[in-house]
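Beneath this line is the structure, given in structure tokens, with notes to follow.
Every read-out reported here was derived from the displayed coordinates using simple, explicitly stated rules and does not represent laboratory data. These numbers were taken from a predicted model, which means no experiment stands behind them. For neighbour counting, all protein chains shown are included, and Cβ atoms are generated from backbone atoms with ideal geometry for every residue, glycine included.
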Amino acid sequence: MLDNSLREQFNAQAKQLGVLPIKVTAHYQRLVEEEITTLGRTGGPLYRVVYPTAARLEMRVAHEVPDFVEDRTNMPPGLEGVLIHKYHQHALFLVTDKCAGHCMYCFRQDVMSDLQSQTLPAIDEKLNRVVDYLAKHPQISELILSEGDPLNVSFRYLEQILQRVRNETSVTDIRFHTRSIVFAPKVLSENVCALLGQYRARIYLHVVHPYELEEEVSEVIKRLQTHGVRTYSQFPILRGINDQVAILTKLLRALDDLRANPINVFIPDPISYSAAFRLPLKRLLGLMDELYWTTSSWTNGVRLVLDTPIGKVRRDDISAWDEQTGQVTFQREGKKVISHDFPAALDEPSQVNTLLWKG
Ligand code: SF4
């Protein structure tokens, strides 16, 4: 039932276009196959997470850019492809260029595919440089490990990172952003969970659909908590995957049940080849309003944000919105950033019964 020619065509073009090729774990493939069997076709929400539809490369809109948040301009000299230092007290360590699986909607496709084609320093050398930089910048109190997937590394390397960051720098808070848990939950073994607990790590789970939280994944989240790891979550609102209030409610409730407190929901970045997943700002704000009117505060307390070169901006930061041109200006701490909205004429809201195919 999978469209092999589309998949082959996509993989053949991926590198040249700066998008990630298809990569699906056996665990996630089982979920996709159950979805295909139930729907009787491809193109359901879990399928769209990991496989391209025709629109993925064909639908383009004006003003898409390869790297909207400008990650590259915030990489200190000598740490290109290794560390992003954009905020005073946080830094982001690009532990690995690999993820357990690839998400078609990934906002960091460009940087990730670029990193995958470069020769990066060996992992020990990378860690030496990061520790050295952190030691010279004691104002950095939180280290975020993300992009590829920081739990997609060996136990030995993970242990070394945690030990050295804790013992040789001023970092007090260590945060992991991961989708390994939904792609390959076995990675979160008892030993890994105990190690993360020992270093009082925080884990931000990236879960985009409630069916990703199946039994094994739920057990792993509980295992993390048993070891004292604090769990949170964040996800983007994506057309064809979770762009209806019914599914957002179900996902937020499921995350709350698992004590993976939802913090942020993201407006998709206007990056190249992302149009198949984007939706207009007006519809996004409408979804958030409806969530607010129809659910309890522990469900709707989550913030809708856009990640930008000046940091995360919210609805309250909109200083100008030209609906004719689609140009939206956000202002934060005296700095301005312009984003171009997704055209309403191209928006096709998903059918709830397709998104929630289990009924
Ligand atoms: S796991 Fe995260 S970084 Fe990796 S492809 Fe998916 S969204 Fe991108």
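Of note:
- Listed values for the range 321-332 are Karplus-derived 3J(HN,Hα) couplings in whole Hz (6.51 cos²θ - 1.76 cosθ + 1.60, θ = phi - 60°), namely 8, 9, 6, 5, 8, x, 7, 10, 9, 10, 10, 9, and x replaces Gly and Pro.
- Measuring max minus min along each principal axis, the C-alpha atoms of the range 1-71 give extents of 39, 24, 21 Å (largest first).
- In the elastic network of the chain, a GNM with C-alpha springs shorter than 10 Å, the most mobile of P268, P138, P309 is P138.
- Remark: the range 211-359 is approximated by an ellipsoid whose semi-axes, taken from the C-alpha gyration tensor as √(5λ), come to 29, 19, 14 Å, largest first.
- Candidates A345, A62, A246, ranked by Gaussian network fluctuation over the chain, Cα under 10 Å, top entry: A345
- Beta bridge orientation in the chain: antiparallel %, DSSP, nearest 5: 40 percent
- Cα shape, the range 86-207, gyration tensor, a/c 1.5 rule: oblate
- In the range 4-355, a dipole from Cβ-located charges (positive for Lys and Arg, negative for Asp and Glu) runs towards its positive end, and of H88, L20, V328 it is H88 whose Cα lies farthest in that direction.
- Computed over the chain, the per-residue total of -39500 (n - 2.57) for DSSP H runs of n ≥ 4 gives a 222 nm mean residue ellipticity of -11000 deg cm²/dmol, rounded to 500.
- J(HN,Hα) series, the range 247-261, from Karplus relation 6.51 cos²θ - 1.76 cosθ + 1.60, nearest Hz, glycine and proline x: 7, 4, 4, 5, 5, 5, 5, 5, 5, 5, 4, 8, 6, 9, 3
- Here the Karplus relation 6.51 cos²θ - 1.76 cosθ + 1.60, evaluated at θ = phi - 60°, turns the backbone of the range 128-144 into coupling constants of 4, 5, 5, 4, 4, 5, 5, 5, 7, 10, x, 6, 7, 9, 10, 10, 9 Hz, with x for every Gly and Pro.
- Alpha carbon centroid spacing (whole Å) that separates the range 5-45 from the range 163-180: 33 Å
- Rounded to the nearest 20, the size of the Cβ-charge dipole of the chain about its Cα centre is 540 debye, with Lys and Arg at +1 and Asp and Glu at -1.
- Averaging the Cα positions of each part gives two centres, and for the range 239-299 and the range 66-131 these lie 26 Å apart.
- Between the amide H of L304 and those of V265, distances stay under 5 Å, these residues lying 5 or more places away or on another chain, with hydrogens modeled in the peptide plane.
- Kirkwood hydrodynamic radius of the chain, Cα pairs, Å: 21.1 Å
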